[in-house]
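Chemist: My questions all concern the structure below.
The values are calculated or read from the model by the stated rules, or taken from the named source; none is laboratory data. Quantities reported herein were computed from a predicted structural model and do not represent experimental measurements. Don't worry about glycine lacking a Cβ; one is built from the backbone with ideal geometry, like all the others, and counts go over all protein chains shown.
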Amino acid sequence: MGQSADQIRQEIDANRSDAGQKIDDLQGQLQGQADHMQQQAKDTVDHARDQVHDTVNTAVESVQNFDYQQQIQNRPLLSAGVALIGGFVLGGMMGGGGQQQHSSGGSSQSSHQQGGGMGSQIRGAAQKSGLEDTISNAAAALMGSVTEQLKGTLNSNFPGFSDKMDTAQGKQGSFSEKSKATQQEAQRS
C-alpha cells in the first residue's frame, strides 16, 4: 500500500482527464465522419436530381422535335402497323364499330344496351364532348396518310403496282378472282 489517498486521487483525476480527452477526440472524429457522410448523401441526391432533370429535358425535347411525317416516310410498313393497332385499341376503348344483335327469348338487345359500366360511360362522355368525332377524324386522316404512303412505297418498289391495284379494285369477286383478273391484264400489256 505504498500510495496515499492523495496520490490515488491524483491518479484518478489524471485518468479521468485522459478519458475525457479521449471521449472528446472520439466525439470529434464521429462528428467529422457524420458531416462527411451527410455531404456524400447530399452530393448523391444532387447528382441523381441532375440526372433525372437531364433525362426529363431530353425526353421533352425528343417529343417536341418528333417529326411523325418523316417517320411515316422512312418506315411506311411500321406506320401502317401502328395505325392498325391504334385503330383496334381505339375501337376497343370506344366499344367497337357496330352494334351486334343478341337474341334471347325472342327479344333482341344491342351489346351496348346489355353492357354498361365504365366503357359505356367513357364512350357516352366522349360522344357528348365531341372527343369521339375528333378521334375518329384523326384516325381516318392517319389511315389515309398511311395508305397513301404505303401505295407510294409499293409503287416505287414494284413498278406498275398502282395500275394493278386499280385493276383489282375495279373487279368484283373474291381474292382469287381479282388476282386472276390482275394477272390476265398484266399479260395483255
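Chemist: Can you give me the number of residues within the range 166-189 that are of a type in the set (Asp, Glu) and within 41 Å of the chain's Cα centre (by Cα)?
Modeler: Count: 1.
Chemist: Follow-up question, since we're still on this one. Taking the condition of being of a type in the set (A, V, I, L, M), out of contact with any Ser or Thr (no Cβ under 7 Å at 6 or more places or on another chain), closer than 21 Å to Phe88 by Cβ and surrounded by 11 or more Cβ atoms within 10 Å (Cβ to Cβ), how many residues in the range 129-183 meet it?
Modeler: Residues in the range 129-183 being of a type in the set (A, V, I, L, M), out of contact with any Ser or Thr (no Cβ under 7 Å at 6 or more places or on another chain), closer than 21 Å to Phe88 by Cβ and surrounded by 11 or more Cβ atoms within 10 Å (Cβ to Cβ): 8 in total.
Chemist: Shifting gears a bit: Among all residue pairs at least 6 apart or on different chains, which show Cβ distances below 7 Å where the first residue, located in the range 152-174, is within 19 Å of Ile72 (Cβ to Cβ) and the second is part of a loop (DSSP other than H, G, I, E, B) and charged (D, E, K, R)?
Modeler: Nothing qualifies.
Chemist: Here are some residues: Gln3, Gln71, Gln29, Gln39. Which one is farther than 30 Å from Asn137 by Cα and modelled with pLDDT under 85?
Modeler: Going through Gln3, Gln71, Gln29, Gln39 in turn, just one is farther than 30 Å from Asn137 by Cα and modelled with pLDDT under 85: Gln3.
Chemist: Another question, if that's okay. Just to be sure before I move on: is Asp6 of a type in the set (D, E, K, R) and surrounded by 10 or more Cβ atoms within 10 Å (Cβ to Cβ) in the structure I sent?
Modeler: no
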